[in-house]
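To start, the structure itself, in C-alpha cells.
The values are calculated or read from the model by the stated rules, or taken from the named source; none is laboratory data. Please read all numbers here as calculations on a predicted model, not as lab measurements. Cβ placement follows ideal geometry from the backbone for every residue including glycine, while neighbour counts extend to all protein chains displayed. Just the protein is used for accessible areas: all its heavy atoms, side chains included, with ligands, DNA and RNA removed. Shrake-Rupley method; radii C 1.70, N 1.55, O 1.52, S 1.80 Å.
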Amino acid sequence: MRTVSILLLVSVLPSCADTHSIKRSDASAAIMLDPAGSAYVSMPMNGRYGQTLYADSGKITAVEVTRAFSPFLTITTQARYAQSKDEALEQARIEGYTYLVHPVIRHWEDRATEWSGLPDKISVEISVFDVATGELLDNARIDGKSK
C-alpha cells in the first residue's frame, strides 16, 4: 500500500497556473490507496464565471484528475459525462470500483491574460470516497492563478 496525499493533485491545475494553494479538510490525513484498487473519476459540471460558461472545463478537469491518480491504482476510469456525487457513486458501485474521485469546479476564469493583464483563476474541490461504504476518505480544495 502507498500513502498518497491528495496534495499530489496539484497537477489538476492548468499548465498556465503559476501559483497555487491547497486547503485540506484534515491536513494530517493521508489516503491509503490500495495499489490493486481502482478508481472511477466523475466529470464535474463545466465551470462558469458570471454569465460565461467554459465549455469542456469539466472534461479537462476530469482528464487531469484521472491522470493524477493513474500511477497509484491498477485501473483509473474517467466518466464520459457530468454526474452528481450520488450518480457517480452509484455508477462506481455498479461497475465495481474501489474508489470514487469526485472533482467539483468551484471557480473558473479563463482570461485573455496576454492583453487584458487579468489572471486566469481556478478552484477545484476534490473528494475521494470509498465506493463500498460511501465514506469520505479525503477532501481538498486546490486554488490556482496565472501571472
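In segment 78-106, which residues are crowded, with 18+ Cβ neighbours inside 10 Å and of a type in the set (Ser, Thr, Tyr)?
Correct list: Tyr97, Thr98, Tyr99.
Determine, yes or no, whether Tyr40 is over 16 Å from His102 (Cβ atoms), of a type in the set (Phe, Trp, Tyr) and either surrounded by 13 or more Cβ atoms within 10 Å (Cβ to Cβ) or modelled with pLDDT under 90 (or both).
Criteria not met by Tyr40.
For segment 123-133, check the following and say yes or no: at least one residue is touching a residue at least 24 places away in the same chain (Cβ under 8 Å), open to solvent by 20 Å² or more (accessible area, probe 1.4 Å) and of a type in the set (Asp, Glu).
For segment 123-133, residues touching a residue at least 24 places away in the same chain (Cβ under 8 Å), open to solvent by 20 Å² or more (accessible area, probe 1.4 Å) and of a type in the set (Asp, Glu): present.
So the check is Cβ under 8 Å with 6+ separation or different chains; which pairs have a first residue in segment 76-99 that's of a type in the set (Phe, Trp, Tyr) and a second one that's assigned to a helix (DSSP H, G or I)?
Tyr99/Ala92
Out of Gly58, Gly144, Gly117, which single residue is crowded, with 18+ Cβ neighbours inside 10 Å and modelled with pLDDT under 90?
None of the others qualify; the one that does is Gly144.
How many of the residues making up segment 82-97 are over 9 Å from Tyr40 (Cβ atoms) and polar (S, T, N, Q)?
Total meeting the criteria: 2.
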